[in-house]
Structures are given as C-alpha cells and as structure tokens.
Amino acid sequence: MSGPTMLRHVRVELALHHLRDGDGHPLLLLHGLGERSPSSVPSWASAWAGPVHALDFTGHGQSTVPAGGGYTAEALMGDADAALAHLGPATILGRGLGAYIALLTAGARPDLVRGAVLADGPGLAGGGSSPGSPYVIRLDPATPSPPDPFVMAELSRDVRPPDYAVAFVFQAVNRSELADPIVVSATTRPDWLRAVVESPGVRRMSTAEGLALYAGTGA
Amino acid sequence: MRRPPSLRPVSDSEGTGTDVTAEEDVPPDYPGARPPDRLRTVDSGGIAIQVHEWGEEAAPPILLTHGGFDFARTFSVFAPLLAAGGLRAVAWDQRGHGDSQHAPLYSWDADVRDAVAVLDSIGSDPIPVLGHSKGGNLMLQLADACPHRVSYLVNFDGLPGNWAAPDVSDHERSRMREEEIRNWLDRRRRAADASRRPGTLSELARRRADMNPRLSFEWLRYLAGVGARRDPDGWRWKIDPTLRMGGFGPWRPDWALHRLSALGMPLLGIVGLQAEQMGMGVTPESIAAYLPPAARLVAFEDTGHFLHIEQPERAAALVLEALT
C-alpha cells in the first residue's frame, strides 16, 4: 500500500491511511490515546465490505507533532472532520480516546457520520467528570516524536462531563437519518460513557454487530 | 466568554471621516501611552512568547495578563503608571496574540503553561499577578494550580460569572450549540488559508469598536498602530486569524467559582458595573459568596469592562496601594 494521504487541519498535517478498497461507504478508524493507525485492517473490522481508512490524530503516528501542546478533544474532533471532508459520509469506529472523538463527531456532523461505534481502548476515561486537583504540565521535549508527550498528558486529564457527552448524543439522534446512530461496544464505562449508554438512540452490542448494523446505511 | 456582535461592514460615514493616506501609515501616539522599556521572548515548549516590560528591572515585579483578543500593549497606559509607582510591570502576549507566535494548538491549559514560562523568566519567588477578563480567569487558574508562585492576585473584571444564560430555553440552547459547533468546524476547514482583512489604521479602529464600544476612537486607533502590522495591501491585526471568539467545550462557570473560594493569597478584584458585550456580567452581589477570606472587591460605577483603559489612574492607584 502506498503512503498515507496528508490532510491539512489548520497548521497540522494529518496522515489518513487507506487500508483497503471495497464496495459501499467507507469505514474510518480512530485510534486510542498514544496509539497510531493499524497498518492493515484489524480482524474486528475485517467483515466491513466498504473501503477502510484510518486517521492518525494530531501528535500521533505520521501526523504532525506540533510545538507547545494545547490539545483538546474538540481539536481532535476537527481532525476527524478533516478526514470526513476528504472521505464524505462514513461510519466511524473509535477506540478509547477515538471513541470519545467519534461521539463528538457524530453529534457535530450528523449528516456525514453513518453511525459511530464506541469501542474500548486507551484514553477512554480522560480526566473524569469534573476537574481534578489543578496542575500545570511542563514538558520540554527536545525532539518531539509521536506520540507527543503533551497529548499523552493533556488528553488523559481533559474533563468529560456526562451531560456534555449526552448533548452530542442528542444532536446525533435528532439530526441523523439513522434511528440509532451510536453503538457502544466498550465494556469499560467511565461516567461520560455510562450516561451515553443510557440515552435514547444508543445501542449496546459488539463491535462486529455494530459494524454490521451500519454496513447498509450508505447513501 | 460571551459572543461579540458579528463584525458588521464598516461604512465610510463612521469614525472621523478625515483619513489621509500618508497619515494613515504613521502609528499614532496616545496621551500617557509609552512603549515598553524592554522587549524579550520566552520559549514555552517551542512557542515563542513575547514579553513587554515597563519599569526598573530591579524593581518588584508584577505579571500582567491581557484578555481574549487583546494583547500586552493594551496595558500601554496602565503599565507605565505601575512603573512610575515603583513596580516592574511584566506583560506578555498570549500565544497567537500580539507579537507572540501563532501556535498549532490553543487551549486554556496551554495559556496557563505559557504564563508559568513567563513567571520562570522573572524568577522563582512568588510575585503578584494581575489579569483582565479572560486573563483574570487564567490567573485564577494559575493561582489555584501554583500557589507557590503567586503572592497576590489582582483581577480586573475577570471574576467568574454565571454564563449559563438561564433565560434561554433548553431547546434554543441546544440549537445554538449545534450551530456553534458546525460553524467552528466549517471555519477550521477553511482556516489553513485564513488571513485578516486589511485596512487603514482608522478602519481597523472602527472595526474594533464593535468589541470596545465604550473606548475612544483615538485609543482604538493607537491600539491598531501597535496591534497591527503593515502589509503591502494595508494594516492587519497581528492576532492569529485562525482564532475566533466564543466557542464551546466541557466547561462550567461553577468550577472557576470553586477555584476562587479556594485561594489562599490576598485578592484584589475590580469590576466595572456598566454592562457590555465583552464583560463577564459579574456584580459584587453575584460574587460575594465565593470570595476567599482575604479578598477586597471594588466596583467602578461608571466604567465598563476595560476599566484599566477607562480609568487607568484609579486602577493603578488601587493596585499600588495594595502591593506597596
């Protein structure tokens, strides 16, 4: 397979990996905190008939490691949106941090996300439901290499209030063409995800079942 | 922060209407405003932060932090008054603002980290820190996270308020948030090529009057002269064109209120009681229950949000009285 497609997101170059061709609408894989895109289609996504793509978030894999940190989940939602701008409507499968970003993206772009599957993975919990004890992270990476130490520090501490997460569920449910635009396969349930699971329009099933549910939802 | 009014087109009938091209290229002076005595940059994790200092280098320092969409030179009248009172006033441009580097990423925590980098460049002893508006909130978080670095907290119209807009129905709030997020993403899709609109200094000043309706045209034109750069096609505000007002995120006003209650160092807060768009809407009554024990709150009756610009002498006198 050739190298990734590089997408511009403001001042960051994002690596979008084309893992496989296929018939139907694309599947976009979002990795967990500190991970990078897989080099081939993982077994748990192998049943997907359409093309499969995977995005390296800012500070990860082959994407830019920017100077000075400043990571937010919302900025990574912008990463995912850059991939959607390139791919068009897609189903998203996110692991850990990528699951949280998949939820935000499904709420922000209900017209472009053909279902989001939220799976277990690193960085699922973030910093909990409310701010912990205050702390200023000081890092001075001489030669920053992925994963960026700033992203590891900042997106393991970002606050994820349950009602904030549920607001994105409502937006997805209210404006998506799908009856159940969110599937939760994760068995770990931090507060935000527990609230998501209890919301109308959210289904609990395995990752493979979730992908099967969304396989026929292309335009 | 509340959203400012949309930037409306400027008509020629606004402002003085006496623009002369040659004059337009000369950054104007302003009574009492003085360039910094020293300029330097501080590295914060690879981002160059511009520092502006007024006063003797050996004098007791105070850190000055500007508000959102402002820059250090908005202290050009206020800081020299502190310097005249015997302080070393150290102001800094937040990343993407003024003469600091435009950054790949922006966050509240990154701003606080940049502030600590500036503090480190001054020394390791605790010093007074002052913040206006968003800068006041940043310094509140800094004081909470690094109590060993802050000896006195001064807050100019930047105490946390209740911004939950209780008069808006849930349905309406949800619609506003949806639009806000979509617009934010749409803007980021275009932001790689963004640049600010060029104009004459007077045009930039008139545009800024939307954010600063109580401030004089002469002041805003002075600000344009120090906050904008001269490009071949005109003047442009230096602020990163990818930054925008407003925003959304997992944030609650009461989190900051609890930070306020937890402070152990003395606090001087000044609020301007004339409500305006950029203001926080905080009154002595709304904040009283959250003030820490060692707090003094002063209200300026006929003053808006930019109280150090409207009443620099009065604000500086209160700060000097508290610190010296």
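The values are calculated or read from the model by the stated rules, or taken from the named source; none is laboratory data. Just so it is clear, the model here is predicted, and its values are computed rather than measured. With ideal geometry, Cβ positions are generated from the backbone for all residues, glycine too; neighbour counts draw on all protein chains shown.
Below are the figures for this structure:
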item	result
Test result for residue A:180, under 28 Å from residue B:174 (Cβ atoms), in contact with a Gly (Cβ under 7 Å, 6 or more places away or on another chain), crowded, with 16+ Cβ neighbours inside 10 Å and facing another protein chain (nearest Cβ under 10 Å)	no
Any hit, the stretch A:85-106, residues being farther than 22 Å from residue A:9 by Cβ, modelled with pLDDT of 95 or more and in a strand (DSSP E or B)	no
Some residue of the stretch B:303-315 being over 23 Å from residue B:217 (Cα atoms) and among the small types (Gly, Ala, Ser)	no
Unique match (being more than 10 Å from chain A (Cβ to nearest Cβ), touching a Leu at 6+ places or on another chain (Cβ under 9 Å) and not small (Gly, Ala, Ser)) among B:213, B:266	B:266
Conditions (1) within 17 Å of the chain's Cα centre (by Cα); (2) part of a loop (DSSP other than H, G, I, E, B); (3) buried (at least 20 other Cβ atoms within 10 Å of the Cβ); number of the one not met by residue A:16	(2)
Residues of the stretch A:66-76 satisfying the condition of being crowded, with 24+ Cβ neighbours inside 10 Å and under 11 Å from the mean Cα position of the chain (by Cα)	A:76
Residue pairs meeting the criteria (Cβ under 8 Å; at least 6 apart or on separate chains; first within 16 Å of residue B:147 (Cβ to Cβ), in the stretch B:251-278; second of a type in the set (Phe, Trp, Tyr) and modelled with pLDDT under 95)	B:258/B:290; B:260/B:290; B:261/B:290
Residues satisfying the stated conditions in the stretch A:104-141, i.e. facing chain B (nearest Cβ under 8 Å) and hydrophobic (A, V, I, L, M, F, W, C)	A:108, A:136, A:137, A:139
Unmet criterion (only one of (1) surrounded by fewer than 23 Cβ atoms within 10 Å (Cβ to Cβ); (2) within 14 Å of chain A (Cβ to nearest Cβ)) for residue B:104	(1)
Options A:40, A:63, A:130: the member that is surrounded by fewer than 20 Cβ atoms within 10 Å (Cβ to Cβ) and either part of a strand (DSSP E or B) or at pLDDT 95 or above (or both)	A:40
Residues that are surrounded by fewer than 20 Cβ atoms within 10 Å (Cβ to Cβ) and either within 14 Å of chain B (Cβ to nearest Cβ) or of a type outside the set (A, V, I, L, M) (or both), drawn from the stretch A:183-205	A:187, A:188, A:189, A:190, A:191, A:194, A:198, A:199, A:200, A:201, A:203, A:204
Filtered residues of the stretch B:173-201 (kept if within 30 Å of residue B:271 (Cα to Cα) and modelled with pLDDT under 90)	B:173, B:176, B:177
Within the stretch B:116-139, considering residues that are within 12 Å of another protein chain (Cβ to nearest Cβ) and either in contact with a Cys (Cβ under 9 Å, 6 or more places away or on another chain) or closer than 21 Å to residue B:304 by Cα (or both), the one surrounded by the most Cβ atoms within 10 Å (Cβ to Cβ)	B:138
Residues (closer than 26 Å to residue B:104 by Cβ, surrounded by fewer than 17 Cβ atoms within 10 Å (Cβ to Cβ) and either of a type in the set (Ser, Thr, Tyr) or within 14 Å of another protein chain (Cβ to nearest Cβ) (or both)) located in the stretch B:235-263	B:241, B:244, B:246, B:247, B:248, B:249, B:251
Where residue B:153 falls short, out of the listed (1) within 13 Å of chain A (Cβ to nearest Cβ); (2) surrounded by 20 or more Cβ atoms within 10 Å (Cβ to Cβ)	(1)
Scan of the stretch A:142-177 for residues that are without any contact (Cβ under 8 Å) to a residue 24 or more places away in the chain and facing chain B (nearest Cβ under 9 Å), ordered by number	none
Residue A:117 of a type outside the set (Ser, Thr, Tyr) and in contact with a Cys (Cβ under 7 Å, 6 or more places away or on another chain)	no
Any hit, the stretch A:44-52, residues being assigned to a helix (DSSP H, G or I), more than 30 Å from residue B:243 (Cβ to Cβ) and more than 14 Å from chain B (Cβ to nearest Cβ)	yes
Complete set of residues in the stretch A:73-103 that are of a type in the set (D, E, K, R), under 14 Å from residue A:16 (Cβ atoms) and at the interface with chain B (Cβ under 9 Å from one of its Cβ atoms)	A:81
